[in-house]
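The values are calculated or read from the model by the stated rules, or taken from the named source; none is laboratory data. As the structure is a prediction and not an experimental result, all values here were calculated from the model. Virtual Cβ from ideal backbone geometry, glycine too; neighbours counted across all protein chains shown.
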Amino acid sequence: MRNVPKGELGRKAIHYTALLIPLIYYLFIEKEQAIWILIVLSTGMLMADLLRINVPFFKALYNRYFGEITRPHEHQKHLTGATYLFLGSLLVVSLFSKEIAVIAMFFLTVGDPSACMIGISFGRIKIMRNKTLEGSVAFILAGLAATWWIPGISLHVKILGVCAASLIELLPWRLDDNITIPLFSALLMYYLI
């Protein structure tokens with residue numbers, strides 16, 4: 001077993017914490033409320049990123065608290081993964097039924113960090129872009145474990161959706177996977193039901 005770098009542990013802890021987004025949406029709020037909340041959060045994150053990118057004081061402040069968990073390209077003039085996560089959540093909540101959106105967001109917030117943690121710690125079989133078979137299997141199993149209890153979407157649709165999400169995570173998209181994973185898995189599930 002290999003050690004996961006400290007910065008990656010912090011990043012994945014935030015990713016797992018983001019599972020509160022689909023959980024709160026599913027259990028406590030309606031679609032319209034969720035859309036407005038996600039608009040506010042997405043706008044706030046976008047504004048924070050723009051300040052971080054363009055104002056040296058905010059860049060220094062950001063780096064002081066979050067620099068260790070920020071990916072190298074995010075230190076440049078790129079949005080952070082957190083901003084993309086809120087934007088991806090906003091997209092799927094706006095475009096799809098509550099069940100599909102929640103499942104797709106769980107694939108992102110549970111499956112994606114699980115793939116990373118297992119892939120780094122135990123991965124041996126490389127399949128694409130330094131991604132491992134073990135990480136992809138962990139993505140699928142964690143995604144299914146996080147969504148088994150959500151009714152209204154059959155198991156075979158969830159399985160195909162999480163397999164698609166795991167595949168999308170492997171591909172070298174120009175778009176951030178915090179958008180592509182929930183969006184494409186939700187699209188597939190929508191067309192399958």
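A quick yes/no check of all residues on (1) touching a residue at least 60 places away in the same chain (Cβ under 8 Å); (2) over 28 Å from Lys6 (Cβ atoms):
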residue	(1), (2)
Leu27	no, yes
Ala34	no, yes
Val40	no, yes
Thr43	no, yes
Ile69	yes, no
Leu79	yes, no
Leu91	yes, yes
Lys98	yes, yes
- Query: Picking from Gly81, Gly67, which residue would you name as being over 13 Å from Ala34 (Cβ atoms), among the small types (Gly, Ala, Ser) and surrounded by fewer than 17 Cβ atoms within 10 Å (Cβ to Cβ)?
  - Reply: Gly67
- Keeping to the range 108-156, report how many residues are in a loop (DSSP other than H, G, I, E, B), in contact with a Gly (Cβ under 9 Å, 6 or more places away or on another chain) and of a type in the set (A, V, I, L, M). 1
- Message: When you check His78 against the structure, is it within 18 Å of Leu175 (Cβ to Cβ), modelled with pLDDT under 95, out of contact with any helix residue (DSSP H, G or I) (no Cβ under 6 Å at 6 or more places or on another chain) and assigned to a loop (DSSP other than H, G, I, E, B), yes or no?
- Response: yes
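Kindly establish whether Ile120 is in contact with a Ser or Thr (Cβ under 9 Å, 6 or more places away or on another chain) and within 18 Å of Gly10 (Cβ to Cβ).
For Ile120, the condition - in contact with a Ser or Thr (Cβ under 9 Å, 6 or more places away or on another chain) and within 18 Å of Gly10 (Cβ to Cβ) - is met.
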- Query: Across the range 14-32, what is the number of residues that are of a type outside the set (Asp, Glu) and loosely packed, with under 12 Cβ neighbours inside 10 Å?
  - Reply: 4
- Exception for Ile159 within (1) out of contact with any Gly (no Cβ under 7 Å at 6 or more places or on another chain); (2) closer than 18 Å to Leu19 by Cα; (3) not acidic (Asp, Glu) falls at (2)
- Checking Tyr65 against (1) modelled with pLDDT under 90; (2) among the hydroxyl-bearing types (Ser, Thr, Tyr); (3) under 16 Å from the mean Cα position of the chain (by Cα), the condition it does not meet: (3)
- For residues that are under 24 Å from Ile193 (Cβ atoms) and charged (D, E, K, R), scanning just the range 131-177, find the one that is surrounded by the fewest Cβ atoms within 10 Å (Cβ to Cβ). Asp177
- Item | Neighbours by Cβ (under 9 Å, 6+ apart or cross-chain): first from the range 131-159, without any contact (Cβ under 8 Å) to a residue 24 or more places away in the chain; second surrounded by 13 or more Cβ atoms within 10 Å (Cβ to Cβ) and assigned to a loop (DSSP other than H, G, I, E, B) | Thr132/Gly123; Leu133/Gly123; Glu134/Gly123; Gly135/Gly123
- Message: Taking the conditions exactly as written (assigned to a helix (DSSP H, G or I) and buried (at least 24 other Cβ atoms within 10 Å of the Cβ)), does Val92 satisfy them or not?
- Response: yes
